[in-house]
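To keep things clear, I will list the structure first and then write my remarks on it.
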Amino acid sequence: MEECTEIRWHARGGQGAVTAAKFLAETALASGKDIQAFPEYGPERMGAPIQAFTRIASTPISIYCPVENPNIVVVLDETLLDVVDVAKGLAKDGIILVNTADDPSDVKKRLGVKNGKVYTVNATSIAMDTLGKPIPNTPMIGALVKATGLIALDDVIDHFAASFSKKFSPQVLEGNLKAIERAYEEVTVNERLESR
Amino acid sequence: MKDMSKKRIVATTGASTVAEAMRQINPDVVVAYPITPQTAIMENFSQFVANGIVNAEYVTVESEHSSMSACIGSSAAGARVMTATSSQGLALMHEMLYIASGMRLPIVMPNVNRALSAPINIHCDHSDSMGARDAGWIQIYSENAQEAYDNTLQAIRIAEDKRVMLPVMVNLDGFIISHGIEKVEFLEDEKVKNFVGEREPLLPLLDVNNPVTYGPFDGLGGFFMEHKKNQADAMERSREVILEVADEFAKISGRKYGFFEEYMLDDAEVAIVTLNSSAGTTKYVVDELRAKGLPVGLLKLRAFRPFPAKELAEALKHLKAVAVLDRAISPGFTGPLFGEIKSALFDLEKRPRLINFIYGLGGRDYTLHEASKAFETLMDVAKTGKAKKTMDYLGLKEVEVLA
């Protein structure tokens, strides 16, 4: 199981982190990877801090335990930065992506992480512009694929359209796709973002 | 909606793979009563009912005692019957479990393993199914969602085989497997339909031209003991049926099953024996330790009843030390599986040293760290020939807990 990418999602109940964890896994599965996605099975209440996990690997995944040393941490709600140790167990050269209007270097300082890159994107504002609702999960996926290069943006767009074209109205679908693309463009890093 | 007649690779939960197996089996009767974490299976299945894509008689009842009773009645009538449960639900069914097996009814029931209260806990352990060990049900265990799907399909054939005619419980780990999303391959509807076939009931209660009685009084002057021997003999015959059905299933799926899976076991010196999802996590650690040159292996038990004692002894006899992992405990004894593995090895002239680890009670994590620790202890036992403790716990918090 070499090259297994482990992602930990931090959010509050209702922000769509579990859906995002699942969607990312499904997109990776569609491009031939093995995947896992699962929430932390604690009490699930609207607004309470929750965690979810995604594993993506090019070989079969056989482990059935929580992610302890994530390569990538995604924080959908910046108020969690004061409540939860989001950097806990972060793998060497790991990535933390936070939904905030703040500058990545400020967030890095606030988290006190030494190694690892911090990316930020204002996903809530993007969601308000494109969807009219503060649901940050879809833009965070756009920012995540830019920050990590885990999956191609086109694959995400295609898979999103295929998965939700029946569930969402054309306007809502279009808004989500725009949110993904905008976050992909707008995500910033505490070091200059290498061109991928 | 995707074309469900085709082979599909999907990202889905263990609970929905079991529901999908049930959709493809399309039983005559499905009886439902909710209990976490099983509920997700019946939620999924009830959508198939509501959408009219299955024609099962879907019976909702007021308790698990009633759900098993309804299964018993409909199975005796000649129907192909399924239900699913967990934990307290299985415990509440307990007396009906014996009636289902004693009446030789081929009911198939996925059990999503969950701890028993008290204290209240909704998470995974195997106390529920271990408590039903002697109820006369065939018990099969599944590492992951794929195996839960595959085992559910095979269970129908095993249960209804005329040599067997016994109920089958398919176990999968609560939440870890039932609610985790992973990659699963579903077979074509048509292939499954041909594989499971139709139930040909033996002496159905509704055959009014050939009236029969099920489960009447059978006292001192009767044949109670002979019935019990017949039941035990049927369980013995299920051994060959389990293997035959597995062979046939391999032909349509490419996936091979037996009484157990051996992982890097042939040339191992020490090994872990375990059930369900912990086997997957252990495999990863086996690979890691093998890369460092350590002779470690794994045996994942699939058939717990009937218990493949002879085959287990053969597979484990060359080892220096074996750790049996139990996700349940029999207070005053050890873990239940440990006792059984120990008895399976008793007749060997030269036996491996055996130790027992209790792990994962009430959903306590079994991580790579716990698996590594178990192997570390095993290597030490193999080296010294001695075990400091026969039974120990993995992942226990080092705190004083009020008794």
Exercise. Does A:K133 count as modelled with pLDDT of 95 or more and over 16 Å from A:R8 (Cβ atoms)?
Worked result: no
For this session: Mind counting the residues in the range B:192-203 that are surrounded by fewer than 17 Cβ atoms within 10 Å (Cβ to Cβ) and not polar (S, T, N, Q)?
Result: 6
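Residues checked against (1) surrounded by fewer than 23 Cβ atoms within 10 Å (Cβ to Cβ); (2) more than 14 Å from chain A (Cβ to nearest Cβ); (3) under 18 Å from the mean Cα position of the chain (by Cα):
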{"residue": "B:R133", "(1), (2), (3)": "yes, yes, yes"}
{"residue": "B:A148", "(1), (2), (3)": "no, no, yes"}
{"residue": "B:L153", "(1), (2), (3)": "no, yes, yes"}
{"residue": "B:M169", "(1), (2), (3)": "no, yes, yes"}
{"residue": "B:E185", "(1), (2), (3)": "yes, no, no"}
Exercise. Of the conditions (1) within 30 Å of A:H159 (Cα to Cα); (2) among the β-branched types (V, I, T); (3) touching a Leu at 6+ places or on another chain (Cβ under 7 Å), B:T13 fails just one. Which one is it?
Worked result: (3)
Exercise. Any residue in the range A:36-43 that is assigned to a helix (DSSP H, G or I) and either within 14 Å of chain B (Cβ to nearest Cβ) or modelled with pLDDT under 95 (or both)?
Worked result: no
Problem set entry | Condition met for B:L90 (closer than 27 Å to B:T213 by Cα and either surrounded by 24 or more Cβ atoms within 10 Å (Cβ to Cβ) or of a type in the set (D, E) (or both)) | yes
Exercise. Which condition number in (1) among the hydrophobic types (A, V, I, L, M, F, W, C); (2) more than 14 Å from every other protein chain (Cβ to nearest Cβ); (3) without any contact (Cβ under 8 Å) to a residue 60 or more places away in the chain is the one that B:V270 fails?
Worked result: (3)
For this session: Determine which member of the set B:E43, B:E57 is modelled with pLDDT of 95 or more, in contact with a strand residue (DSSP E or B) (Cβ under 8 Å, 6 or more places away or on another chain) and surrounded by fewer than 20 Cβ atoms within 10 Å (Cβ to Cβ).
Result: B:E57
Seminar exercise, completed: When the range A:44-65 is checked residue by residue, the ones that are under 15 Å from the mean Cα position of the chain (by Cα) and either at the interface with another protein chain (Cβ under 9 Å from one of its Cβ atoms) or without any contact (Cβ under 8 Å) to a residue 60 or more places away in the chain (or both) are A:I50, A:Q51, A:A52, A:F53, A:T54, A:R55
For this session: Answer yes or no as to whether A:E6 is of a type in the set (D, E), out of contact with any Cys (no Cβ under 9 Å at 6 or more places or on another chain), more than 10 Å from chain B (Cβ to nearest Cβ) and not in a loop (DSSP other than H, G, I, E, B).
Result: yes
For this session: Confirm whether A:I141 is modelled with pLDDT of 95 or more, among the β-branched types (V, I, T) and surrounded by fewer than 21 Cβ atoms within 10 Å (Cβ to Cβ).
Result: no
For this session: Determine, yes or no, whether B:G258 is more than 14 Å from chain A (Cβ to nearest Cβ), surrounded by fewer than 16 Cβ atoms within 10 Å (Cβ to Cβ) and either more than 29 Å from B:G360 (Cβ to Cβ) or of a type in the set (D, E, K, R) (or both).
Result: no
For this session: Give just the number: which of (1) surrounded by 14 or more Cβ atoms within 10 Å (Cβ to Cβ); (2) out of contact with any Ser or Thr (no Cβ under 7 Å at 6 or more places or on another chain); (3) at pLDDT 95 or above does A:N99 not satisfy?
Result: (2)
Problem set entry | Number of the condition not met by A:N122 [criteria: (1) over 24 Å from A:A28 (Cα atoms); (2) surrounded by fewer than 16 Cβ atoms within 10 Å (Cβ to Cβ)] | (2)
Problem set entry | When residues of the range A:9-35 are limited to those that are assigned to a loop (DSSP other than H, G, I, E, B) and more than 9 Å from chain B (Cβ to nearest Cβ), the one surrounded by the most Cβ atoms within 10 Å (Cβ to Cβ) | A:Q15
Exercise. Out of (1) surrounded by fewer than 24 Cβ atoms within 10 Å (Cβ to Cβ); (2) within 12 Å of another protein chain (Cβ to nearest Cβ), the odd one out for B:M165 is which?
Worked result: (2)
Exercise. Among the candidates B:P119, B:P110, which residue alone is in a strand (DSSP E or B) and more than 14 Å from chain A (Cβ to nearest Cβ)?
Worked result: B:P110
Exercise. Taking the range B:68-99 as the region of interest, how many residues are part of a helix (DSSP H, G or I) and at negative phi?
Worked result: 21
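The values are calculated or read from the model by the stated rules, or taken from the named source; none is laboratory data. Quick caveat, the model's predicted, so the values are computed rather than measured. Using ideal geometry, Cβ is built from the backbone for each residue, glycine included, and neighbour counts are taken over all protein chains shown.
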